[in-house]
1. Considering the stretch B:496-516 alone, what residues qualify as being within 13 Å of another protein chain (Cβ to nearest Cβ) and either free of Cβ contacts under 8 Å to residues at least 40 places away in the same chain or in a helix (DSSP H, G or I) (or both)?
2. Which one is nearest to the other protein chains (Cβ to nearest Cβ) among residues in the stretch B:242-294 that are closer than 30 Å to residue C:37 by Cα and of a type in the set (D, E, K, R)?
3. Select, from B:176, B:187, B:180, the only residue that is of a type in the set (A, V, I, L, M), farther than 30 Å from residue B:76 by Cβ and in contact (Cβ under 8 Å) with a residue 40 or more places away in the chain.
4. Of the residues A:66, A:27, only one is touching a helix residue (DSSP H, G or I) at 6+ places or on another chain (Cβ under 6 Å), within 10 Å of chain B (Cβ to nearest Cβ), touching a residue at least 24 places away in the same chain (Cβ under 8 Å) and not in a helix (DSSP H, G or I); which?
5. List the helices (runs of 4 or more DSSP H) that sit entirely inside the stretch B:154-261 and contain at least 2 residues that are of a type in the set (A, V, I, L, M).
6. Just name the residue that is farthest from residue A:51 (Cα to Cα) out of those in the stretch C:43-66 that are facing chain A (nearest Cβ under 7 Å) and modelled with pLDDT under 90.
7. Of (1) in contact (Cβ under 8 Å) with a residue 24 or more places away in the chain; (2) within 14 Å of chain B (Cβ to nearest Cβ); (3) not hydroxyl-bearing (Ser, Thr, Tyr), residue A:95 satisfies all except one. Which?
Amino acid sequence: MTNPSSQSVLFAASEVSLTNRPKRAKPPVSSGVIGMLIFMVTEAMFFAGLISAYMVIRSGIEEWPPWGQPRLPVETTAFNTLVLLLSGLTMGFSRNLLQKQKFQEGRRLLGISLLLGTFFLVAQGYEWVQLLNFGMTVSSSVYGGLFYLIIGAHGFHVVGVLAVLIHAWNRLGASNNPITAEGLLPLQLLWYFVVCVWPVLYVLVYLT
Amino acid sequence: MSQAAAAVETGIHAEHHEDLNFLHKYILPLDHKIIAMQYIFTGMIMAIIGGYFAYAFRMQLAFPGELVPGYGLVGPGEYNMLVTNHGTIMIFWVAMPVLIAGFGNYLIPLMIGCDDMVFPRINRLSYQIFLVSALVLILSFFVKGGGFGGAWTAYPPLSSVAEYNLTDWGSSLWVLAVALEFISFLLGGINFVTTAMNARAPGMKMMDIPIAVWFIVIAVILFMASVGPLIAGAVMLFMDQRIGTTFFLPSGGGDPLLWEHLFWFFGHPEVYVVLLPTLGIVADIITVFSRKKLFGYKTVLYTAFATGGLSFVVWAHHQFIAGIDPRMANIFVVTTVLISIPLAEMMFSYIATLYGGSIELKTPMLWALSFLAAFLIGGVTGIYLGASALDVYFHDSYFVLAHFHYTFFPITIIGMFAALTFWFPKMFGRMMNETLGKIHFWGTFIPFNCIFLPLFFLGLAGQHRRIYNYQHFPDLATQELQNIRIFATVSLVVMLLFQLVFVYNFFVSMFKGEKAPDNPWRANTLEWSTSSPPPHGNFKKLPTVYRGAYEYSTPGREEDFWPQNVAPE
Amino acid sequence: MHLQHFLLFPFLLGLLFAPEIANACAVCFSSSEETLEAFYFTTIFLTLLPVVMLFTIGYWLYSKHRKT
């Protein structure tokens, strides 16, 4: 390949430099936020599908929970719900601090928020182990299947978002290529989504 | 700056880095144009597979029990696998990647005047996941038991219990492939909407965006908002197949109707997801070739919004005979018939655009006009099916089959050819051969009608879908009906043979065609203001937009077109 | 538009709820009234949710664009 324009006749005639281009006006809402909002619509519809499935299947069965299946731990999970909501709240406060350029305090509060999220995850895992000991598995009944499906789907999201946020937390104070408050916002939005969808699932799966 | 551009700048090492350069330019590109090509070429290869499947099962219907040349014997299980995967491939691996991902990727940045997508890496990842999904689907044909044969709608318990469908791994891989494909388009869709929102050229207002971009963006939003429940359903189906849950099994407390709701909640908006890009592309083509302003830009746009909104409230018309509440069925009859109003309005707008224009019948224009004609037949027959009283009799007959092929064929195949022939000069810098293009057009459009018009009559005669041999049904085994089947099959073979003309024209024009000028069709939109093919980064200088996309034959101007980026005097 | 046209419209809408037992398929009907209601509710829920979300986000983006 001696002449770049001859080999690339198929797709692109020549290369132009992408530097020194006129900057366009800053959009009112950043691309990350728009992208995340659209993604959240899809996620919300995913959970709406699960909720619909739960309601339809639940309506066809008289005895709920079915015979021989354990009752769900409503009280401990209520406490767990509060922990998760608190995590969402501290996340909001940390954003306020970061926007005011108080990086140290903001980073610390974000860390607390992530710790609370991890606590929620561990407590949920402990609960699962106990339920499995009581003989409630994915295939023991459609009750168990729905529980593990819905709570598992939420737990999967918690794990994913926590992993990304911990990575972002590391980069918040990094010397090279640090993340800004604006760059953090889409990830925080996803965490708010995970936090906000939990009470709905809690009421649906544990209380009805 | 991309790897490719960097490699060109350090030209001394070009020879040394040749492989790397090629790898980053064509295999792992960040450039939206190359990613679009990847999508389009993958979609075309999948279209060949889908067409081959159609050939095999149509031959079986015309000459039951005989060896199909080039395929072999088609047994009942094999037949089911062929029709299932023909449907799946044509919708999910041809219509979606070519029309939305392919042309969306190619056109959005060029038409709104920016250098690339907002998230190029997500764009690349989207294609890679798509490629994996296509490979998983192809793999599913070769596992033990063969490919999945439970129809592209995959109704449980047929799809969820291995003892019923006899394709244990084939069905699981099918679900996996479809789910992966959705994730791929999800990533691509985020990109499209964000790019169209935030990266428009300076001066381009909402109402200056070409209709093609608008419609692709609306289609993507519809897709994003409707795909969630199906992903949930796919996860549940996969769990039913592999780890023994009973979400869709009545014996275990589940409900098989639930899948139909989750599937069609996505499945019906999906029809509009693939329809809208083609409608947008056709709008752009007919304005260029009738040298007239698009009649009612805002009307067309708002009817698209209305179509999108209504498309969420029509899906239960697929369950009219599945045992849904008749009260609910009635509501869905009303909404289904309602959705024909915005689409009819759009059609009238297009026809009004043609009225009084100076029409040039170039190949892309022929495709665009044939789309309008063919889609009209598809749309009108849809009204019969939307009425629940008639649907009771038509359901799952060949009438339904002919109806949705009269919508999907114009959308997918005709739309794809219209777009390819129109943007070919921009994509490859060379013109396509007009004569061969017209031969290919007539050789496709006439056989297409010969295939599917007779199928309406077969459906009215009571022929049911998904039966591999009608000789077992005395009423359907008459020579009269068999002659119709043979006619349709022969037309299909003729149509497939004419595609060779296109393949020849495509590849010969790509390398040996006449050099294309920057703006061969004298069109207004921004992609024609850059060189053909556009360089990496699309524009030498970022364009500024001064007017709408459809200012053709403006009174008082010498030229009959007025590009968006030309400053007013 | 005359008054009787206005009255005709709710009457026609009311007709939609009349055919309770006109089932096309006698055997595949859902077993219980609760299941029917669940399907009813989830249909409305799934139908309205995307429309509401998209409208909210669209309006929010539109107002943000208006301000700048």
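The values are calculated or read from the model by the stated rules, or taken from the named source; none is laboratory data. Fair warning: this is a prediction, and the values are worked out from it, not measured in the lab. For neighbour counting, all protein chains shown are included, and Cβ atoms are generated from backbone atoms with ideal geometry for every residue, glycine included.
1. Selection gives B:506, B:507, B:509, B:510, B:511, B:512.
2. Here the answer is B:255.
3. Matching residue, one of B:176, B:187, B:180: B:187.
4. So the residue among A:66, A:27 that is touching a helix residue (DSSP H, G or I) at 6+ places or on another chain (Cβ under 6 Å), within 10 Å of chain B (Cβ to nearest Cβ), touching a residue at least 24 places away in the same chain (Cβ under 8 Å) and not in a helix (DSSP H, G or I) is A:66.
5. Hits in the stretch B:154-261: B:168-198, B:211-242.
6. Restricting to residues being facing chain A (nearest Cβ under 7 Å) and modelled with pLDDT under 90, the top hit is C:65.
7. (2)
Each row is one residue, and each column tells you yes or no for (1) more than 14 Å from chain B (Cβ to nearest Cβ); (2) in a helix (DSSP H, G or I); (3) at pLDDT 95 or above.
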| residue | (1), (2), (3) |
| --- | --- |
| A:139 | no, no, no |
| A:143 | no, yes, no |
| A:167 | yes, yes, no |
| A:177 | yes, no, no |
| A:186 | no, yes, no |
